[in-house]
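The values are calculated or read from the model by the stated rules, or taken from the named source; none is laboratory data. All of these numbers come straight from a predicted model, not from anything done at the bench. FYI the Cβ positions are ideal-geometry reconstructions off the backbone, even for glycines, and counts take in every protein chain you see.
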Amino acid sequence: MIRENSTERHPLLSIWLHPRVAIQQVTNQKAEFVTYLLVTLAGVPYILDEIELNEGFGWLLQLHTILFKGLIFGMMTLGTGWLSLYCTGKWLGGKARANDIWYALVWSAVPTISISMLMLILLVLPASAANNSVLVIGLIAVEVIAGIWSFILCLNTLSQVQGFSVYKVLLNFVLAALMAALVVIALIALFVFGLGISLNLFNQ
C-alpha cells in the first residue's frame, strides 16, 4: 500500500496533474491494495441497474455483493484493455512489465472512477431530484470531461512506463484496438461456424 511522506503527495492526488510522477511512485511502491480498490470502483457503474432496484439507502445492505461484482466487472473491462495494450506494446519495443501496464491503465482512470462514484448520489436522491434534467445533463457533461481527462492521463502514464512518446502510445492504442476487434471477430466466426455445424448435425 502507498505511503505518503513529507516530500511527496499521494498518487491519488498527484495523478490528476502529474501523471508521470504519480505512476512512477505507484510502480516503485507496488500499490496493490489501492489499485484493486480502484478496479472494484471502476466496475460498480456496470451494475447500477441492479443497485437501483433498492430504494433509498437500501443498497447499502448489499454493499459486499456490489463490491464483489464491481471487482469482477472491473477486472473484465480493464483486463481486456490491459492484455491488448501489453501485447501490442511489446511488439513496438515497450520496456514495461505486465504489472506496469496494469497500474498505468487503472490509475489513469481515477477521474472517471471519481465521477462515476458521484453518479451514485442519484440513487439516494428523491425521484423528483434524480430525474431533474439539468442535474442529469450536468453529471453527464462532467462524466464526458472526466473520460477525456482519463484518456489524456493514460497517454502520459503509458508513455512513462513504456518509454514511448505520446504519439507512439497512440499507435499502441490503435494496434490494441485492432487486436481486440480481431479477437472478437474470430470468436464470433467460431461461434457461427460451430452453430452451423450443430444445426447441420441436428437436421441430418
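Being in contact with a helix residue (DSSP H, G or I) (Cβ under 7 Å, 6 or more places away or on another chain) and either surrounded by fewer than 13 Cβ atoms within 10 Å (Cβ to Cβ) or modelled with pLDDT of 75 or more (or both) is a property that does not hold for Met119. The criterion of being closer than 15 Å to Cys154 by Cα, in a helix (DSSP H, G or I) and at pLDDT below 85 holds for Leu78. Which of the residues belonging to segment 156-170 are surrounded by 15 or more Cβ atoms within 10 Å (Cβ to Cβ) and either in contact (Cβ under 8 Å) with a residue 24 or more places away in the chain or farther than 18 Å from His18 by Cβ (or both)? Residues satisfying the conditions are Asn156, Thr157, Leu158, Ser159, Gln160, Val161, Gln162, Phe164, Lys168. Whenever a residue of segment 26-50 is within 19 Å of Phe73 (Cβ to Cβ) and modelled with pLDDT of 75 or more, its partners that are assigned to a helix (DSSP H, G or I) and hydroxyl-bearing (Ser, Thr, Tyr), lying with C-beta atoms within less than 8 angstrom and at least six residues away or across chains, give the pairs Thr35/Tyr103; Leu41/Ser116; Ala42/Thr77; Ala42/Thr112; Ala42/Ser116; Gly43/Thr77.
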